[in-house]
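Below is one structure, written out as structure tokens; comments come after it.
Any read-out appearing in this document is the output of simple, stated calculations on the displayed coordinates, not a laboratory observation. As the structure is a computational prediction, the values presented were derived from the model and not from experiment. Quick reminder, even Gly has a Cβ in these numbers, built from the backbone with ideal geometry, and neighbours come from all protein chains shown.
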Amino acid sequence: MEIRRIVTIEDQIQSHAGRPVEPPVRKVAALAVIANPYAGRHVEDLGELLDTGAKLGGILAERIVGVLGSDRVESYGKACIVGLDGEIEHSAALLHPTFGKPIREAIGGGAAIIPSTKKMGGPGTRIDVPFLYKDAALVFDYFDAMEVGIPDAPRPDEIVVVLAMADGPRPHARVKGLKKEDVKGEDGMR
């Protein structure tokens with residue numbers, strides 16, 4: 001794995017829609033810019049990216065936990081921007097089979113899926129990282145997103161891998177539905 005850059009972004013929401021947010025909600029994203037070992041060629045076995053996904057999950061989770069603290073993480077999401085010499089399948093290999101285990105270890109749980117999004121693009125491409133409540137995907141107050149990007153990435157032969165976490169719900173969330181305090185956490189949904 002060849003990492004060119006790691007960027008950490010913290011967004012602290014103190015006011016929303018003209019009203020204070022108490023306590024402020026923090027969203028933190030960690031982004032890694034890596035060389036794509038398969039850029040410019042079709043390869044059937046994407047095993048190298050599976051290994052890289054597991055390593056990056058741990059590295060990026062550690063950076064976010066360093067800002068939020070593992071006990072404060074309430075929601076999470078992941079994303080990937082593949083440079084134009086790559087394929088969308090490269091992001092799937094990074095984000096899905098192995099990326100989540102070290103994240104759950106770093107935060108001490110997480111029964112819900114880690115929602116994801118992926119796209120292809122060039123330097124400066126931005127992506128919305130979706131959020132779900134970490135222990136039950138159907139807690140509506142946590143349906144949210146964070147837009148991120150890096151001005152000089154990805155280059156055609158690179159991939160930007162993103163992990164994001166938040167320590168609270170959407171500011172002033174008030175859509176009726178399952179509440180955090182009612183979660184059973186049995187199946188990752190409710």
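Annotations
- Pairwise centroid distance, computed over Cα atoms, of the range 1-58 with the range 81-120, Å: 9 Å
- Qualifying trypsin sites (Lys or Arg not before Pro) in the range 4-57, DSSP loop, other Cβ atoms within 10 Å at most 16: R41
- Kyte-Doolittle at least -1.0, axis length at least 20 Å by Cα - qualifying DSSP helices, the chain: 47-68
- Residue among A30, A17, A61 with the largest mean-square fluctuation in a Gaussian network model of the chain, springs linking Cα atoms under 10 Å: A17
- Candidate values [x] 1.02; [y] 0.99; [z] 1.41, label of the one derived for Rg/Rh (Cα atoms, Kirkwood Rh): [y]
- Estimated distance in nm for a label pair at R104 and D182, the labels positioned 7 Å out from Cα along Cα-to-Cβ: 2.5 nm
- When the Cα positions of V162, I6, H16 are compared along the charge dipole of the chain, H16 comes out farthest toward the positive end, with charges on each C-beta of Lys, Arg, Asp and Glu.
- The longest part of the chain holding none of the exposed loop GluC sites (Glu not before Pro), meaning those outside H, G, I, E and B in DSSP with at most 14 other Cβ atoms within 10 Å, is 45-185.
- A simple rule links phi to the HN-Hα coupling: the Karplus curve 6.51 cos²θ - 1.76 cosθ + 1.60 with θ = phi - 60°, which for the range 170-184 gives 4, x, 6, 4, 8, 7, 5, x, 4, 9, 3, 5, 9, 5, 9 Hz, with x for Gly and Pro.
- Remark: the chain carries a charge dipole of roughly 600 debye about the Cα centre, counting +1 on each Lys and Arg Cβ and -1 on each Asp and Glu Cβ.
- Percentage relative contact order, the chain, counting C-alpha pairs under 8 Å, at least six apart: 28 percent
- Qualifying chymotrypsin sites (Phe, Trp or Tyr not before Pro) in the range 82-162, where qualification requires a DSSP coil assignment and no more than 14 other C-beta atoms within 10 Å, are lacking entirely.
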